[in-house]
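The values are calculated or read from the model by the stated rules, or taken from the named source; none is laboratory data. What you see is a predicted model; the values in this text were computed from it and never measured. Cβ placement follows ideal geometry from the backbone for every residue including glycine, while neighbour counts extend to all protein chains displayed.
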Amino acid sequence: MKSIAYSPYFAWARHRKSLKNLFFVLGPAAGLLAGCASPGGDAALARYRCEQGLEFTVKFVDDTAILNGTRGYDLLLRDAGGQGALQSVYSNARMRAEFGLGASSREAVLRYPLLPLRLRCVRD
């Protein structure tokens with residue numbers, strides 16, 4: 001006959017307190033690492049409204065612009081172009097976006113080369 005002290009339940013109960021302490025330490029550490037690993041943790045979303053009812057949000061992370069809107073999700077890479085420090089150009093195979101236009105630098109232009117489409121946008 002086995003002794004109760006060696007049953008799997010009591011073995012688990014014996015180590016439960018040390019496991020709680022381990023999770024207590026590792027839980028917040030994992031949260032901090034996840035916050036650091038997420039792209040653009042400090043980047044803010046900017047909302048733009050365009051002609052023809054198009055709306056999108058853009059998040060600038062390093063040399064990329066992540067657009068999410070009514071025409072779908074696009075990841076654009078920084079491109080050459082733009083005049084001055086406030087203007088920037090991002091593009092991929094599907095579209096090209098120019099930000100920082102206009103007198104207040106709140107305007108943008110989206111160009112879709114595969115479609116004959118050029119949209120003017122303004123940031124909210």
Quick one: Ser105 ticks every box in (1) touching a residue at least 12 places away in the same chain (Cβ under 8 Å); (2) surrounded by 15 or more Cβ atoms within 10 Å (Cβ to Cβ) except a single one, so which number is it?
(2)
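Could you tell me which of the residues Tyr48, Tyr73 is closer than 19 Å to Val122 by Cα and surrounded by 15 or more Cβ atoms within 10 Å (Cβ to Cβ)?
On the way: Tyr73 fails: surrounded by 15 or more Cβ atoms within 10 Å (Cβ to Cβ).
Going through Tyr48, Tyr73 in turn, just one is closer than 19 Å to Val122 by Cα and surrounded by 15 or more Cβ atoms within 10 Å (Cβ to Cβ): Tyr48.
Select from region 90-103 the residues that are over 16 Å from Thr57 (Cα atoms) and in contact with an Asp or Glu (Cβ under 9 Å, 6 or more places away or on another chain) and list them in ascending order. Can you show your working first?
Taking region 90-103 and keeping what is over 16 Å from Thr57 (Cα atoms), we get 92-94, 101-103.
Of everything in region 90-103, those that are over 16 Å from Thr57 (Cα atoms) and in contact with an Asp or Glu (Cβ under 9 Å, 6 or more places away or on another chain) turn out to be Asn92, Arg94, Leu101.
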List every residue pair whose Cβ atoms lie under 8 Å apart, where the two residues are 6 or more positions apart in sequence or sit on different chains, the first residue falls within region 69-90 and is free of Cβ contacts under 8 Å to residues at least 12 places away in the same chain, and the second residue, located anywhere, is surrounded by fewer than 17 Cβ atoms within 10 Å (Cβ to Cβ) and small (Gly, Ala, Ser).
Val89/Ala80; Val89/Gly81; Val89/Gly82
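Residue by residue, here is whether (1) within 24 Å of Gly53 (Cβ to Cβ); (2) assigned by TED's automatic domain parsing to the domain that holds Phe56; (3) outside any strand (DSSP E or B) holds:
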position	(1), (2), (3)
Tyr73	yes, yes, no
Leu76	yes, yes, no
Gly81	no, yes, yes
Gly84	no, yes, yes
Arg94	yes, yes, yes
Ala103	no, yes, yes
Val109	yes, yes, no
Leu115	yes, yes, yes
Leu119	yes, yes, no
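Yes/no matrix, rows are residues, columns are (1) farther than 16 Å from Leu119 by Cβ; (2) among the charged types (D, E, K, R):
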residue: Glu51; (1), (2): no, yes
residue: Thr57; (1), (2): no, no
residue: Gly69; (1), (2): no, no
residue: Gly72; (1), (2): no, no
residue: Leu76; (1), (2): no, no
residue: Gly82; (1), (2): yes, no
residue: Ser88; (1), (2): yes, no
residue: Ala93; (1), (2): yes, no
